[in-house]
Each structure stands twice: as C-alpha cells, then as structure tokens.
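**Q** Submitted below is the structure of interest, expressed as structure tokens.
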Amino acid sequence: MTHQAIPGPASVWNNIEGISFGGDYNPEQWPVSVRLEDLELMQEAGVNFLSVGIFSWALLEPAEGQYDFGWLDDVMDNLHGIGVKVALAAATAAPPAWLVRKHPEILPVRADGTTLGPGSRRHYTPSSAVYRKYAAGITRVLAERYKDHPALALWHVDNELGCHVSEFYGEEDAAAFRLWLERRYGTIGALNAAWGTAFWSQHYGSFDEILPPGVAPSTLNPGQQLDFQRFNSWALMDYYRGLVAVLREVTPAVPCTTNLMASSATKSMDYFSWAKDLDVIANDHYLVAADPERHIELAFSADLTRGIAGGDPWILMEHSTSAVNWQPRNQPKMPGEMLRNSLAHVARGADAVMFFQWRQSFAGSEKFHSAMVPHGGRDTRVWREVVDLGAALQLLAPVRGSRVESRAAIVFDYEAWWASEIDSKPSIDVRYLDLLRAFHRSLFLRGVSVDMVHPSASLDGYDLVLVCTLYSVADEAAANIAAAASGGATVLVSYFSGITDEKDHVRLGGYPGAFRELLGVRVEEFHPLLAGSQLKLSDGSVSSIWSEHVHLDGAEAIQAFTGYPLEGVPSLTRRAVGTGAAWYLATFPDRDGIESLVDRLLEESGVSPVAGADAGVELTRRRSADGGSFLFAINHTRAAATVRASGTDMLSGERFTGTVEAGSVAVIAED
Ligand code: GAL
C-alpha cells in the first residue's frame, strides 16, 4: 500500500489548447442520433475538452469479463474528429450491480453500522481489497484499449473521492485503520502516548484492540478521532494511487487527476496532502443559490484550489450553467451569472472551464440539474450563454499559463480544521472557517488578492499573513510563520491558534502555546461568550464569540475588552518582530471591526488592491512569464462601474473605456 513515486507524465497543458471548455459528457444516456447532434452543438459552442465515461462501468462491462466498448470507441473517434480532447474516466465511481451482488463486502458502512446499499453511486469503500482489484481491472482494460487514442489527454480517475461518504467503518476499514496506525506509531506505547489513553481507562494492549471511533456512550478520544479523519483522507488517496499505478504502467505519458471539491463545504479530505499525487489539480464548484454572497464563496473556493495547486493553473472540472438539483430550492443562475462565475474561476487561476454536464439528462435523479444543452435545446438563454462563454474563452487564450499575483496569504490547514471542530471545545461557536472567511471577504471586497497557503509551505514574498484559528500546529509550521514576521511580513494570529500540537496535546505554560513568544502575549483563561452575546471593545467596536484573559509579555495593547470581568484586558496586540510585526487578535470582531483591522494591516504591510474600482467589482490580476498582465474586472452589481486601468479589453477587442457594464466582465490586457 505504500506509494511508489512513478516518473511523471507530460503536462496536461501540452495536450489541450487555450482556455479549455467543455464538461462531463455522458453519451451512454442518449441514442446515436442525439450523440451526432452533440457533435454539431459542441462545435457551435467551441467545446474542446470533455470528461467521458465517469459513470459508465455497468455499460462498459455489463457482466464480469464481458465488455462492450463499441459505443465508447465511436464516441472517442467522433470527438477526435471534431478536435475535442478527452479526460477519460476510469469509470470506477459507481460499481455495477453484478459486482455488488457477487461481493457485497465492498459496500461502505457508516458509524452506526448501517451498510449503504447500491442503487445510487459511490457505494464502495476505498479499503476493500476486492473493490480495489476490480477497479484496477476495469481501469487497466480501459487504459489498454484507449492508450493510443489521439483524443486521450488526461485520465479522470474515479469521481469526487469522498463525496457522499468520506468515513468508512466496516471491518476491512477497521483493519486498514489498524495497519495505518501501526505504520504511523510503530508501537502501541507510542499510540497510547499520542492518544492520551491514560484518560478514562482507554489504554490499549495491542493494535488488534483498536476500532474506528464509532457510536459510544459519550465523547470519544480526540486523538483517535483525528487519526481516523487522517486515515480516511489517506485511504481515499491510497485508492486513487492504486488506480494511477495501473494507468502509469499502461500510459506513462498521460497525466492523471481526480476532481476535488475544495470549497467551504468540504472538510473531510486534506487536499494539500493529496496535491502531490495529482498531475494537475482539478476542482468542482457549485454555488449555494440561497447565499447572497455566493460569488464570494466562489472566490474563496477558487483561491483555495489555487493554493492546493501551489499557484499553478488548474482545471475547473465541474460547475453548473444554471440550477442544480440537490439544494432545497434550486434557483437558476441569473442572466450573466454563469459568465461571471466562469471568468471568476479563470481570474483566480483556472485554465479550463467545464460543467456538469454537457446535455441535461431526461431520466435519473439529476434530470433537473442544468447543463450546457438544456431540455429546451438551442432556443434557450442557457444555450446562448454557453455559446457566448465559449467565444469569450477563445479570446482569453493568451491568459493561459499566467499566474495570479498576491502579496497577502491566509494560512489554511485541513488538520487544524478537523482538530478544532472535534467535540468538547471551549465553544461550539468557534468554527474553523468563520474568521478566516471574514478576512477573505474583506480582502475580496477591497480587490486585494490573497493566496491560501499551507502552514508549512513557503511564505516568502508575502507581506501580509493571516493565521486564523490555527488551533493545532506543528513546531516547524509555527516556526515558518514566525520567520515570515521576522523577515518583514505583518503577521496576524487569531485566538484559538497554536493551542495544541499535531497530536492534539495542549502546549502547556499558557496559550497560545506555539505562538506565545512570537506574539509576546500569554493567555491564562478562555472566556467564550454565551450564545448571541456581544462585547464592546475600547475603541467602541463590537465583537462576539470569544474573549480571553490576555497578559502582555512583550507586545503592546492596541485595543482592549471593556466590562466585567475583562475590563482593560488586551483584545488586540502588536509586537515588532525583526523587520516585521506580529499581531494577536483575541476576539471575533463584527464586520466594521474586521474592516478597520484590515485597514491597519494593509497600511502597515503596504499591500494594496489590484486596481481602483467602484464597490462591487471583483478584481484579480494574472501575470504571464513573458510580461503579460491581465486584469479581470467582474461587475457583480446591476449598475455600470468604473475601474481605473488602461489597456485592451480582450473580450471586446477594443480599448478599455474605464467602465464595466452592469453584471458584465472586462479582461484588460494592461499596457
Ligand atoms: C458532482 C458530481 C457530478 C454531479 C454534480 C451535480 O458532485 O461530480 O457527477 O452529480 O455534482 O451537481
């Protein structure tokens, strides 16, 4: 099960052109006449890249060892005929009925012991040896068949690993968990020490005694929960690696990826740890229609994806042209919203714009999910917008390969997210993403670009570094953050950061253990607020959720709590460190408070917006190695807006006038 590094294949970007455009293509749902019409429509829209066969195993191998490739051969040939490149799926995301019948042990089991049955999709556990064997089997057969096909540009391995089910509690999972623990800790003594099993008689005599953290009378061991989370993320990735090993053997030159779901809604997979195994990062993103700030959540997700990609261009593998089918009320996208969404992803580093799916299904549970070709066909708003988007993306070809420029970073860590939200914490109102997203929102609204960076990744080149609720942190990561401050950056660390190490052991001697020295503060006790209550701070601003008893130990107080019992206790501090500074924020400011804090941090760090513009315009700049500078200005308002920039609007081909019309987008190739 260990990962053998296999020499990397060619970059996918060698195989596809311009800003790629397309989506999931499920021709198996349609008769040949429709598939032929698809080819015409794809050309009309400028489609050049499709993911094919994601859920087609049951049709490709209708009975064990009996294959039907005729339809896929035709599809591949026909797509090649119109110049479309294919991200061919390994078809393993939904096991066929014959396999489930023969091997029901592949099915996933929930914490309460319920086995999840077939009839939907993703009904397998990644640790099932049988499933891995069969999945590798169909993958090999597909690879052998299409290895020399000229349309094949990328392997699309499985689909959204961890979607629907991301924790696995079956017997085989338990055995794999034990093995994983044994490899991690070596001895049962080391595991006992790491999990703190002296507590509540949880001591283990051997690895055989360990179970996944299932349903129990009270709170479970946090070390066990954290490791189970790590294990599940690893198990999904290990399953992926098993399939990639097959693909590398047969098609060493063809890159592989799987579509991630990086967003504010996906917590279970540590995508930063997955990134090195993906030849290109691909992400799926869906708006929550009921969120009035859904475009800001989109920006957050895209920035996170770019962070996972280490700043390299990535593939937007799926988004929707309009409504989805899985929210309680599936409002369509507003006119122009799809173009804004698509170009917002490009603005934030995507070099491919794809959708779920090409043609809207007429049957199945996703039949009311929008697609590029709607039920209504060509005479629809959605189709016209799809064609316009295809044309726009062709004009943006020179943007490809350029990189987003940011001088601000937000530290992002899935492990801290997991650890901070395991039960029995000082307050259930401390949610990992809340403060982080409040800062991201403020920077978004100002047109300040920000990168999401893993705590142990290089922070060189960032003048502003925000560290929000980084509850657990390794020594090296804490040192990395401290080095950014001494090297000249303005670093802000928030409450509930640096509290524990990777084992979730509290760093003793006062909070925030790992950052105490850097920040020059010592916290003796937490004072989380009761539900709905607020605090007044010394400068008149308001905060909520959190307060604490902070002592200065080298830092200066910038702002203080008021009122009993923390009157005069610092709520915001600053310490000069090397050529930079370390700020500590001991509460959750309201929106005005965040704004005035961000003002100060930007002023001190010298980080400025990408350009000047009216409120409501999203701004990002991508720069290419040859000096090209592309300013994306996305007007999310319903009035024309001014943007101060000069150059050519690539979408109109004309000199940029300084105005971006209501709801529209300008991409300015700057002078
Ligand atoms: C994704 C999935 C697609 C489709 C889509 C609908 O999670 O990968 O197959 O189901 O959602 O929004």
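The values are calculated or read from the model by the stated rules, or taken from the named source; none is laboratory data. Nothing here was measured: the structure is a model prediction, and the numbers come from that model. Glycine gets a Cβ as well: all are built from the backbone with ideal geometry, and neighbour counts include every protein chain shown. We work out accessible area using only protein heavy atoms, side chains counted, and drop any ligands, DNA or RNA first. Shrake-Rupley method; radii C 1.70, N 1.55, O 1.52, S 1.80 Å.
**Q** Compute the semi-axes of the equivalent ellipsoid of segment 167-282, taking the square root of 5 times each eigenvalue of the Cα gyration tensor, and list them largest first in whole Å.
**A** Over the Cα atoms of segment 167-282, the ellipsoid semi-axes are 32, 16, 12 Å.
**Q** Shifting gears a bit: Going through segment 512-588, which GluC sites (Glu not before Pro) have at most 11 other Cβ atoms within 10 Å and a DSSP loop state?
**A** In loop regions of segment 512-588 (DSSP not H, G, I, E or B), the sparsely surrounded GluC sites (Glu not before Pro) are GLU567.
**Q** Moving to a separate point now. Are there trypsin sites (Lys or Arg not before Pro) in segment 405-452 that DSSP marks as loop and that have at most 16 other Cβ atoms within 10 Å, and which are they?
**A** ARG431
**Q** Mean projection of the alpha-carbon convex hull of segment 379-455 over all orientations, in nm²?
**A** So the Cα hull casts an average projection of 8.9 nm².
**Q** Quote the Stokes-Einstein diffusion coefficient, in whole µm² s⁻¹, for segment 1-144, based on the Kirkwood radius over alpha carbon pairs, a temperature of 4 °C and a viscosity of 1.567 mPa s.
**A** Answer from the Stokes-Einstein relation: 76 µm²/s.
**Q** Kindly provide log₁₀ I(q)/I(0) values, in the same order as q = 0.06, 0.08, 0.11 Å⁻¹, from the Debye equation applied to equal alpha-carbon scatterers of the chain.
**A** -0.36, -0.64, -1.19
**Q** Which whole-number percent is the relative contact order of segment 458-557 (Cα, under 8 Å, 6+ apart)? Intermediate values should be presented prior to the final figure.
**A** Numbers: 164 pairs, mean separation 21.6, N = 100.
Rounded, it is 22 percent for segment 458-557.
**Q** To the nearest Å, what is the center-to-center distance of segment 585-664 and segment 454-503, using C-alpha atoms only?
**A** 27 Å
**Q** Separate question: May I ask for the net charge around GLU17, where only other residues with Cβ less than 15 Å from the Cβ of GLU17 are counted and Lys, Arg are +1 while Asp, Glu are -1?
**A** So the surrounding residues net to +1.
**Q** In nm, what is the difference between 0.36 nm times the number of residues separating ASN14 and GLU249 and their Cα-Cα distance?
**A** Length difference between fully extended and current span is 82.6 nm.
**Q** Go ahead and estimate [θ] at 222 nm for the chain from helices alone: -39,500 (n - 2.57) per DSSP H run with n ≥ 4, summed, over the residue count, rounded to 500.
**A** -9500 deg cm²/dmol
**Q** Okay, next question. Number of Lys-Lys pairs in the chain under 23 Å by Cα, sequence gap 8 or more or different chains?
**A** Here the count comes out as 8.
**Q** First compute the accessible area of the chain with a 1.4 Å probe, then give the percent of it belonging to carbon and sulfur atoms. Mind dumping the intermediate values first?
**A** Working: 13210 of 25610 Å².
In the chain, the share of accessible area belonging to carbon and sulfur is 52 percent.
**Q** Here is a further query. Could you give the distance between the Cα centres of segment 374-406 and segment 257-325, to the whole Å?
**A** 18 Å
**Q** Please check which bits of segment 124-141 a label hung off TYR67 would reach, taking the label as a point 7 Å along Cα-to-C-beta and the cut-off as backbone N under 19 Å.
**A** Flagged as within label range: 132-141.
**Q** Name the longest site-free stretch of the chain, where the excluded sites are chymotrypsin sites (Phe, Trp or Tyr not before Pro) in a DSSP loop with no more than 11 other beta-carbon atoms within 10 Å. Could the numbers behind the result be given before it?
**A** Working: sites that count: TRP326, PHE362.
Formally, the longest exposed-site-free interval is 1-325.
**Q** Continuing with this model, one more query. For segment 532-625, with every protein chain kept in place, what is the accessible area per residue (1.4 Å probe, Å²)?
**A** Computed with neighbouring chains in place, this is 43 Å² per residue.
**Q** Assuming 0.36 nm per residue, please report the length gained on full extension of the stretch ARG101 to HIS80 beyond their Cα-Cα distance.
**A** Details: separation 21, 0.36 × 21 = 7.56 nm, distance 3.67 nm.
That pair, ARG101 and HIS80, stretches by 3.9 nm at full extension.
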